[in-house]
Amino acid sequence: MASAESIQECPTGALLTHYNQEICGTKIMRKGIKIDFPENNAPAYIDFSAVALGFEAVTQNAMVNLGTRMGSDHIDEERGTTLLEAATLGSLLDAGEQEHAAAYAAEQTRLYLRDQEDAENIQDNDERIAEVGLEVKDMDLKKIVFNAFFVNVNGKQIGQPLTTVL
């Protein structure tokens, strides 16, 4: 039986089991369980049978960081943003406050990811973050709906461009 770390087989039969190894001829620095964001506006879902690799794993880490309250992670107290705190304190009542909080959370996330890259000595520009964008689209007492995008150092973008120019 495969171990818990044995996650995915590539087409050539090589098995991805450890961080920072080569698989299918490509060095993989980061991996995670795949969160699928369908293009047809269907709800996002976690696909336990797939693996997010490289920049896709970086963007998922960024999404988690955006939704984490600053200081609430007891393992990594640097993780998180002030976005949730602003929402629960009622600080996102108008469009200007929402734009400011979203831009600040995006920058907090970009800086957090850059610190992680430096700590892990990530050299591959495909896995290094260059830009994070975030805008609040809607919110109520139960959720914040937002649009986010992430760009790596090589210019690859995941997510949709913002509709609001900050």
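See the values below:
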{"read-out": "In sequence order, calculated HN-Hα J values of region 52-68 (Karplus, 6.51, -1.76, 1.60; Hz; x Gly/Pro)", "value": "8, 10, x, 5, 4, 5, 4, 5, 5, 4, 5, 4, 4, 4, 4, x, 9"}
{"read-out": "Distant-in-sequence amide H partners of Met139 (H built 1.01 Å from N, under 5 Å)", "value": "Val145"}
{"read-out": "Length added when fully stretched, Lys142-Ala130, from 0.36 nm per residue minus Cα-Cα", "value": "1.2 nm"}
{"read-out": "Estimated FRET transfer efficiency (Glu85, Gln123; beta-carbon r; R0 35 Å; 0.05)", "value": "0.55"}
{"read-out": "Karplus 3J(HN,Hα) series, Hz, for region 88-101 with 6.51 cos²θ - 1.76 cosθ + 1.60 (x for Gly, Pro)", "value": "6, 8, x, 8, 10, 7, 10, 4, x, 5, 5, 4, 5, 4"}
{"read-out": "3J(HN,Hα) from dihedral phi, region 71-83, Karplus parametrisation 6.51/-1.76/1.60, rounded to Hz, x for glycine, proline", "value": "x, 8, 7, 6, 8, 10, 5, 7, 6, x, 9, 8, 4"}
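Rule-based calculations on the coordinates, nothing more; no lab input. Note that the structure is predicted; figures quoted are calculated from it, not measured. Don't worry about glycine lacking a Cβ; one is built from the backbone with ideal geometry, like all the others, and counts go over all protein chains shown.
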